[in-house]
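S.K.: The structure under discussion is supplied below as structure tokens; questions concerning it will follow.
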Amino acid sequence: MMDLGTLKQDILFSAKLRGLDFHFNSTWGLFSPRSVDGGTHLLVNQIEINEGDTCLDMGCGYGVVGIVMAGLSKTGSVYMVDKDFVAVKYSEVNVKRNHAANCKVIMSNVFSHVPQLRFDVIASNLPANVGKELLKIILLESKGHLKPSGKLYVVTISGLREYIKRQFSEIFGNYRKVKQGKNHTVALAVR
């Protein structure tokens, strides 16, 4: 049986993503605290990032997607947002740990505290259990924060694939299934 002191220690792990080595601190209570989950793996392997892109990781958790985007766009800038103060704290730790100087972590409920910027790429591992209203807010606000031809990448459990297809088609006028795995689907909409 683990004691309280052991349970409260940071969880440390490494991951190779997009050919780059990353190191993460996490803790109990954050999503997938011991390793990068399958949906996030699928998402980061499909995102197209260009050098100099301005990117947003929406709902960053402890920072995997944003830190990978920063590694792919070294001269760009990456904003990482989450409404959970523990996630924000661990994202800040992981930004430093991975020397991702082009990342800025912000506490924000969706876009409430995001600077008035337009992004080349917005990416999110959308949670399945937040309700269709919040998912709609995320998608509508994402469109308003993308540059012309900006891209929104989302990964969801495959059970939400048809919902995302309908919403992307309605909001953006386009939808592309980028990759489907066993349990997750990566979708893309272009502004």
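The values are calculated or read from the model by the stated rules, or taken from the named source; none is laboratory data. From a predicted model like this one, the values you see are computed outputs, not experimental measurements. All Cβ positions, glycine included, derive from the backbone under ideal geometry; neighbour counts span all protein chains shown.
S.K.: When residue 9 is evaluated against the numbered criteria (1) modelled with pLDDT under 95; (2) closer than 28 Å to residue 148 by Cα; (3) not hydroxyl-bearing (Ser, Thr, Tyr), which criterion, by number, is the only one it fails?
M.R.: (2)
S.K.: Can you find even one residue in region 79-91 that is part of a strand (DSSP E or B), more than 19 Å from residue 186 (Cα to Cα) and out of contact with any Ser or Thr (no Cβ under 6 Å at 6 or more places or on another chain)?
M.R.: Checking region 79-91: at least one residue is part of a strand (DSSP E or B), more than 19 Å from residue 186 (Cα to Cα) and out of contact with any Ser or Thr (no Cβ under 6 Å at 6 or more places or on another chain).
S.K.: Hey, among 159, 150, 173, which residue is buried (at least 18 other Cβ atoms within 10 Å of the Cβ) and either at positive phi or free of Cβ contacts under 8 Å to residues at least 60 places away in the same chain (or both)? Even if it seems obvious, please write down each step before you answer.
M.R.: Numbers: 159 fails: buried (at least 18 other Cβ atoms within 10 Å of the Cβ); 173 fails: buried (at least 18 other Cβ atoms within 10 Å of the Cβ).
Among 159, 150, 173, only 150 is buried (at least 18 other Cβ atoms within 10 Å of the Cβ) and either at positive phi or free of Cβ contacts under 8 Å to residues at least 60 places away in the same chain (or both).
S.K.: What do you reckon, is residue 104 without any contact (Cβ under 8 Å) to a residue 40 or more places away in the chain, within 24 Å of residue 184 (Cβ to Cβ) and in a strand (DSSP E or B)? Explain how you work it out, then say what you get.
M.R.: Details: without any contact (Cβ under 8 Å) to a residue 40 or more places away in the chain: yes; within 24 Å of residue 184 (Cβ to Cβ): no; in a strand (DSSP E or B): yes.
No.
S.K.: Moving on. Just for region 18-43: of the residues that are within 16 Å of residue 123 (Cα to Cα) and in contact (Cβ under 8 Å) with a residue 60 or more places away in the chain, which one is surrounded by the most Cβ atoms within 10 Å (Cβ to Cβ)?
M.R.: Taking region 18-43 first, the residues within 16 Å of residue 123 (Cα to Cα) are 18, 36-43.
Those still in the list that are in contact (Cβ under 8 Å) with a residue 60 or more places away in the chain too: 37-40, 42-43.
Numbers: 37: 18, 38: 14, 39: 24, 40: 22, 42: 20, 43: 28.
Checking each candidate, the answer is 43.
S.K.: Inspect all residues belonging to region 137-158 and state whether any of them is more than 17 Å from residue 43 (Cα to Cα), of a type in the set (A, V, I, L, M), in contact with a helix residue (DSSP H, G or I) (Cβ under 9 Å, 6 or more places away or on another chain) and assigned to a strand (DSSP E or B).
M.R.: No; the residues of region 137-158 include none that is more than 17 Å from residue 43 (Cα to Cα), of a type in the set (A, V, I, L, M), in contact with a helix residue (DSSP H, G or I) (Cβ under 9 Å, 6 or more places away or on another chain) and assigned to a strand (DSSP E or B).
S.K.: In region 46-77, what count of residues is obtained for those that are touching a helix residue (DSSP H, G or I) at 6+ places or on another chain (Cβ under 9 Å), surrounded by fewer than 20 Cβ atoms within 10 Å (Cβ to Cβ) and in a helix (DSSP H, G or I)?
M.R.: 0
S.K.: Among the numbered criteria (1) out of contact with any helix residue (DSSP H, G or I) (no Cβ under 9 Å at 6 or more places or on another chain); (2) at pLDDT 95 or above; (3) of a type outside the set (Phe, Trp, Tyr), which single criterion is violated by residue 80?
M.R.: Of (1) out of contact with any helix residue (DSSP H, G or I) (no Cβ under 9 Å at 6 or more places or on another chain); (2) at pLDDT 95 or above; (3) of a type outside the set (Phe, Trp, Tyr), only one is false for residue 80: (1).
S.K.: While we're on this one: How about region 92-112: which of its residues are in contact with a Phe, Trp or Tyr (Cβ under 6 Å, 6 or more places away or on another chain) and either crowded, with 24+ Cβ neighbours inside 10 Å or closer than 17 Å to residue 44 by Cβ (or both)?
M.R.: Those that are in contact with a Phe, Trp or Tyr (Cβ under 6 Å, 6 or more places away or on another chain) and either crowded, with 24+ Cβ neighbours inside 10 Å or closer than 17 Å to residue 44 by Cβ (or both): 94, 98.
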